[in-house]
Amino acid sequence: MTVVRLFRKTPKLEATFRPTRAVALELVRQVEVAGELVLRNVGRDAELADLQLVLIAGGTRRIDLTLPEAWRGRKKLPAGGELREQVAWTLTLAAPMRASEAEIQVNTTEGGRSEPLARSPAFPLANE
């Protein structure tokens with residue numbers, strides 16, 4: 001780890017997710033989530049790398065999501081700037097899930113450890 005990394009501040013980011021579809025299909029062990037995901041920089045200029053997305057359902061269930069192609073690699077995000085992407089995931093689960101709401105958490109794995117950067121407000125998750 002370099003000295004520069006020791007003194008770099010965590011960027012101030014806000015995540016927003018506007019779902020067009022968010023449903024847990026309990027009997028077929030799937031989750032379908034689609035909508036617009038926005039990551040906004042509310043602090044000073046930032047450089048983001050090694051981003052990771054996680055769906056947190058029911059407050060405890062953590063499910064890795066595929067990162068949008070446009071968000072991969074190293075991204076410079078100016079103060080007030082944002083990353084915006086239409087996303088759609090269909091995930092097969094190992095066990096049935098029943099949760100009334102979910103959130104999307106944005107992490108970075110830069111430097112070898114996972115560090116949370118932002119979490120969307122909870123959104124309703126229908127159950128079928």
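The values are calculated or read from the model by the stated rules, or taken from the named source; none is laboratory data. The structure presented is a predicted model; accordingly, all values stated were derived computationally and were not measured. Quick reminder, even Gly has a Cβ in these numbers, built from the backbone with ideal geometry, and neighbours come from all protein chains shown. Calculation scope for accessible area: heavy atoms of the full protein, side chains included, ligands and nucleic acids excluded. Shrake-Rupley method; radii C 1.70, N 1.55, O 1.52, S 1.80 Å.
Computed values, structure above
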| read-out | value |
| --- | --- |
| Members of the stretch 28-58 found to be over 14 Å from the mean Cα position of the chain (by Cα), of a type outside the set (S, T, N, Q) and open to solvent by 10 Å² or more (accessible area, probe 1.4 Å), listed by number | 28, 29, 32, 42, 43, 44, 45, 46, 47, 58 |
| Contacts under 9 angstrom Cβ, first residue in the stretch 17-35 being under 15 Å from residue 95 (Cα atoms) and without any contact (Cβ under 8 Å) to a residue 12 or more places away in the chain, partner of a type in the set (Ser, Thr, Tyr) and surrounded by fewer than 19 Cβ atoms within 10 Å (Cβ to Cβ), 6 or more apart | 28/92 |
| Residues of the stretch 36-55 satisfying the condition of being touching a residue at least 40 places away in the same chain (Cβ under 8 Å), in a strand (DSSP E or B) and either more than 20 Å from residue 128 (Cβ to Cβ) or aromatic (Phe, Trp, Tyr) (or both) | 36, 37, 38, 39, 40, 41, 48, 51, 52, 53, 54 |
| Subset of the stretch 66-120 [under 11 Å from the mean Cα position of the chain (by Cα) and open to solvent by 60 Å² or more (accessible area, probe 1.4 Å)] | 66, 116, 119 |
| Some residue of the stretch 67-79 being acidic (Asp, Glu) and over 19 Å from residue 119 (Cα atoms) | yes |
